[in-house]
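Working notes, structure below.
The values are calculated or read from the model by the stated rules, or taken from the named source; none is laboratory data. All values reported here derive from a predicted model rather than from experimental measurement. Quick reminder, even Gly has a Cβ in these numbers, built from the backbone with ideal geometry, and neighbours come from all protein chains shown. Note: accessible area is taken over every heavy atom of the protein model, side chains too, but ligands, DNA and RNA are not part of it. Shrake-Rupley method; radii C 1.70, N 1.55, O 1.52, S 1.80 Å.
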Amino acid sequence: MNSNPVTENAIEAVRLLVVSKEPTVVRSLWSIGETNSWQLETVGSGWEALEFVQAGVTPDVLLLDLPRGDADSLHILRWLRRLRPNLPIILLCYPDDAGRKNEAIRLGAQDYLVRPLDDEQLESVIRGQLGSRDDSIEMEVTSEDIEQVSDDAFFVGASPIMRKLRAQAELLAQANVPVLILGENGSGKDTAARLIHKLSVRSGFKFLKVNCAALPGDLLETELFGYERNDSGVMRSKPGKLELCAQGTILLDEITEMPTSVQSKLLQVLQNKQFFRPGSGAAVDVDVRILAASSANIERALSEKKLREDLYYRLSAFTVQAPPLRQRKDELPILLRHFMHHLAKHYDMTPRTFSPAVLDACHAYSWPGNLRELEEFVKRYLVMGDKELEFGPESDHTNGNGNGHSNGKHDSGREALHIPAGNGDRASGLNSLKSLVQSVRFEAERTAIATALEKTGWNRKAAARLLGVSYRTLLYKIEQYHMSSSEAHPAAYPGNGTRGNGKRI
């Protein structure tokens, strides 16, 4: 039931990797796997398991069958642990090696079973490890670093820059003052505002948001201040959001897009806690905290008279900067898992996990659309997975330059995920997502080929056998990706036939 790790979907529900040459062990596990609809992968040695995992295929559980009297094979655990620290490993051994249990646990095994093996016991142990994995994932995505600030908004503060932002929010929450939140589109300004509201004494009251860029001036004025008018002798009135949000918090997003006539009325609210209702001129007292946000260049908005200076000085006494995603890449694994589980729950789907190749590509990408783009990418990944990843001449993918080769960084400084040139906001659209997903496939395929070539010292026929493809297909791919032996970097574990200086022994 072996499958080619290059062509396999990088994400499966349950995948077991069995390291054993014993037919009885493989048959038992095969039967257990079929009963539970688990996918079974088998390799004959620990080194093959390392190559399998190194190629980017991460099983949910690894079962290592220790040959009789072969205690040296225990050391493969150390290398597996270095490659995949969270991979559950179950060790199967003969009674003669039962005394090595403590050493096996120390080296990274989660469980230790001694022959004769009982199918029911084996299945129970595997299920236990799968359950532990699910608990671990759930714990990760609901850790103290992830804070729910509304029904569908979460604040992730796992990096120093985000912990600093949370500390600022906590301090500002205690003071009833306006706050200006600055940051790129999609960087989480709305979430920062909701966090300030949640931590404040106003958290028991409404939080409302108004997008100043979404409404023309007259409608925006009505939205904020309401109206009162005589309709055929009948007085009709409608309260604005400043009244509806009494004792709560209102976020005015893209404040620089607010017409200056409306800005002057807002300034009156900030100064006097009062405004005059359009239509009747009646004075209305309001008790609401005002937060404003903008992704614009504030200095330019001031110089172009799009933002009143007196309003800016009122708002900017306390300013918070929402950092772009490229400045918090150490949080990417947490953010990816969080979005995956949140979206899977929303769409009632089974969450997927991310292969090392996908994680590497995500780390290399600049994310011009920030969190919003990341969420859209995860949504697409949840629905589509990586099913289009192919291997062979018929899958002649190109990156827009006419080949599949990565050209390094673009002039804009973005890493080689081949983002369409142009405005960063447009890049967060469908074309950007397609480009990102396609580039992830390129990187995964190229990495797998490079790994196989390095393992075999650039013996192409041996590499083709390792990858499970024809020699002609491998030559085609090497040419397509412009690969050469000068790029080779020997793997960092023993058994690859190279010395530390990279020369063949």
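Which ones in segment 464-505 are closer than 16 Å to residue 50 by Cβ and modelled with pLDDT of 75 or more? 466, 467 - these are the residues of segment 464-505 that are closer than 16 Å to residue 50 by Cβ and modelled with pLDDT of 75 or more.
Just to verify a result, which residue in segment 273-283, among those that are assigned to a strand (DSSP E or B) and open to solvent by less than 80 Å² (accessible area, probe 1.4 Å), is nearest to residue 196 (Cα to Cα)? Before the answer, list the steps.
If we filter segment 273-283 for residues that are assigned to a strand (DSSP E or B), which is where we start, we get 274-276, 283.
Filter once more, keeping what is open to solvent by less than 80 Å² (accessible area, probe 1.4 Å): 274-275, 283.
On the way: 274: 23, 275: 25, 283: 29 Å.
Only one residue tops the list, namely 274.
The number of residues in segment 150-180 being polar (S, T, N, Q) and surrounded by fewer than 16 Cβ atoms within 10 Å (Cβ to Cβ) comes to 3.
One residue stands out in segment 224-272 among those that are hydroxyl-bearing (Ser, Thr, Tyr) and open to solvent by less than 50 Å² (accessible area, probe 1.4 Å): the one that is farthest from residue 208 (Cα to Cα), namely 264.
State which residue is farthest from residue 476 (Cα to Cα) when the search covers only segment 442-461 and only residues that are touching a residue at least 12 places away in the same chain (Cβ under 8 Å) and assigned to a loop (DSSP other than H, G, I, E, B).
Residues of segment 442-461 that are touching a residue at least 12 places away in the same chain (Cβ under 8 Å), as a first pass: 442-455, 457-458, 460.
If we keep only those that are assigned to a loop (DSSP other than H, G, I, E, B) too, we end up with 457-458.
Working: 457: 18, 458: 15 Å.
Checked segment 442-461; the qualifying residue farthest from residue 476 (Cα to Cα) is 457.
Residue 372 meets each of the listed conditions (1) under 27 Å from residue 151 (Cβ atoms); (2) surrounded by fewer than 16 Cβ atoms within 10 Å (Cβ to Cβ); (3) in contact (Cβ under 8 Å) with a residue 40 or more places away in the chain; (4) of a type in the set (D, E, K, R) apart from (2).
All conditions in (1) crowded, with 19+ Cβ neighbours inside 10 Å; (2) within 19 Å of residue 180 (Cα to Cα) hold for residue 221, with the sole exception of (2). When you check residue 270 against the structure, is it in contact (Cβ under 8 Å) with a residue 60 or more places away in the chain and either of a type in the set (A, V, I, L, M) or in a strand (DSSP E or B) (or both), yes or no? So residue 270 fits the description; yes. Count of segment 37-88 residues, restricted to those that are at pLDDT 85 or above and in contact with a Gly (Cβ under 6 Å, 6 or more places away or on another chain), is 1.
Tallying residues that are modelled with pLDDT under 80 and either exposed (fewer than 13 other Cβ atoms within 10 Å of the Cβ) or among the β-branched types (Val, Ile, Thr) (or both) within segment 125-137 yields 5. In segment 187-202, the residue that is modelled with the lowest pLDDT out of those that are open to solvent by 10 Å² or more (accessible area, probe 1.4 Å), under 29 Å from the mean Cα position of the chain (by Cα) and not aliphatic (A, V, I, L, M) is 198. Scanning segment 248-262 for residues that are touching a helix residue (DSSP H, G or I) at 6+ places or on another chain (Cβ under 6 Å) and not β-branched (Val, Ile, Thr) gives 248, 251, 259.
Against the conditions (1) over 30 Å from residue 162 (Cβ atoms); (2) open to solvent by 60 Å² or more (accessible area, probe 1.4 Å), residue 313 satisfies every one except (1). Would you confirm whether or not segment 284-303 contains a residue that is touching an Asp or Glu at 6+ places or on another chain (Cβ under 8 Å) and open to solvent by 70 Å² or more (accessible area, probe 1.4 Å)? Checked against the condition, which is being touching an Asp or Glu at 6+ places or on another chain (Cβ under 8 Å) and open to solvent by 70 Å² or more (accessible area, probe 1.4 Å), segment 284-303 yields no hits at all.
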